[in-house]
Amino acid sequence: MATSLHHLSDHDQQQVPDASNMCFGIVVSQWNQQVTGKLLEGAIQTLEKHGALPENIHVKTVPGSFELIYGAHQMLLHGGYDAVIVLGCVIRGETPHFDYICQGVTEGISRMNATSETPVIYGLLTTNDLQQALDRSGGKYGNKGDECAVVAIKMAKF
């Protein structure tokens with residue numbers, strides 16, 4: 001569903017399981033930090049709102065969005081998490097770099113989901129400009145970090 005038709009932070013609280021006994025890993029990109037920092041804030045707040053203990057939310061940073069794949073893989077190997085969330089933002093530029101990064105991250109996360117016992121939640125914003133990213137990281141369309149946290153809880157319970 002298009003974000004313009006669905007507010008990213010809206011969810012039925014009754015449909016979200018209790019996360020008090022769950023442990024989450026979050027890998028967040030430092031690139032476009034004004035966006036990814038807001039995604040991270042949203043994810044943590046939503047996890048805690050649904051019962052996750054702060055000491056059971058482990059955050060690691062990576063330099064850019066492509067490195068989210070490695071970061072998530074390391075968390076899967078060493079973490080013992082119920083779910084891992086990746087948060088990043090790629091904004092279209094003047095070169096095909098955007099397409100390669102977005103495709104690579106998508107394929108990497110898909111591969112981990114197909115081969116791991118732990119769900120990896122896709123929180124990569126892929127936008128045409130900075131304003132679209134800001135709108136989806138706490139702006140008029142809500143916060144993708146909130147949505148990813150809800151998805152992580154639901155998938156951990158799956």
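Within the range 136-148, identify whether any single residue is more than 14 Å from residue 35 (Cα to Cα) and over 12 Å from the mean Cα position of the chain (by Cα), and answer yes or no.
Start the filter on the range 136-148 by keeping residues that are more than 14 Å from residue 35 (Cα to Cα), which leaves 147-148.
If we keep only those that are over 12 Å from the mean Cα position of the chain (by Cα) too, we end up with none.
Checking the range 136-148: not a single residue is more than 14 Å from residue 35 (Cα to Cα) and over 12 Å from the mean Cα position of the chain (by Cα).
Would you mind telling me which numbered condition in (1) open to solvent by 70 Å² or more (accessible area, probe 1.4 Å); (2) touching a helix residue (DSSP H, G or I) at 6+ places or on another chain (Cβ under 7 Å) residue 124 fails?
So residue 124 meets the others, but not (1).
Under 6 Å between Cβ atoms, at least 6 apart or on separate chains: pull out the pairs that start in the range 77-100 with a residue that is at pLDDT below 90 and end on any residue that is among the small types (Gly, Ala, Ser) and part of a strand (DSSP E or B).
Pairs that qualify, where the first residue is at pLDDT below 90 and the partner is among the small types (Gly, Ala, Ser) and part of a strand (DSSP E or B), are 79/25.
Of all residues in the range 13-57, which are surrounded by fewer than 20 Cβ atoms within 10 Å (Cβ to Cβ), touching a helix residue (DSSP H, G or I) at 6+ places or on another chain (Cβ under 7 Å) and of a type in the set (A, V, I, L, M)?
Of everything in the range 13-57, just one residue is surrounded by fewer than 20 Cβ atoms within 10 Å (Cβ to Cβ), touching a helix residue (DSSP H, G or I) at 6+ places or on another chain (Cβ under 7 Å) and of a type in the set (A, V, I, L, M), namely 16.
Which condition from (1) out of contact with any strand residue (DSSP E or B) (no Cβ under 7 Å at 6 or more places or on another chain); (2) charged (D, E, K, R); (3) surrounded by 14 or more Cβ atoms within 10 Å (Cβ to Cβ) is the one that residue 94 breaks?
Residue 94 satisfies all of (1) out of contact with any strand residue (DSSP E or B) (no Cβ under 7 Å at 6 or more places or on another chain); (2) charged (D, E, K, R); (3) surrounded by 14 or more Cβ atoms within 10 Å (Cβ to Cβ) except (3).
How do the pairs read when you match residues in the range 112-131 that are closer than 23 Å to residue 157 by Cβ with residues anywhere that are of a type in the set (Lys, Arg) and open to solvent by 30 Å² or more (accessible area, probe 1.4 Å), using Cβ under 6 Å and keeping only pairs 6 or more apart or on different chains?
Note: pairs meeting the criteria are 123/144.
The values are calculated or read from the model by the stated rules, or taken from the named source; none is laboratory data. Just so you know, these numbers come straight off a predicted model, no measurement behind them. Note that each Cβ is placed from the backbone with ideal geometry, even for glycine, and that neighbours are counted across all protein chains shown. Remember, those area values only see protein heavy atoms, side chains included, never the ligands or the DNA or RNA. Shrake-Rupley method; radii C 1.70, N 1.55, O 1.52, S 1.80 Å.
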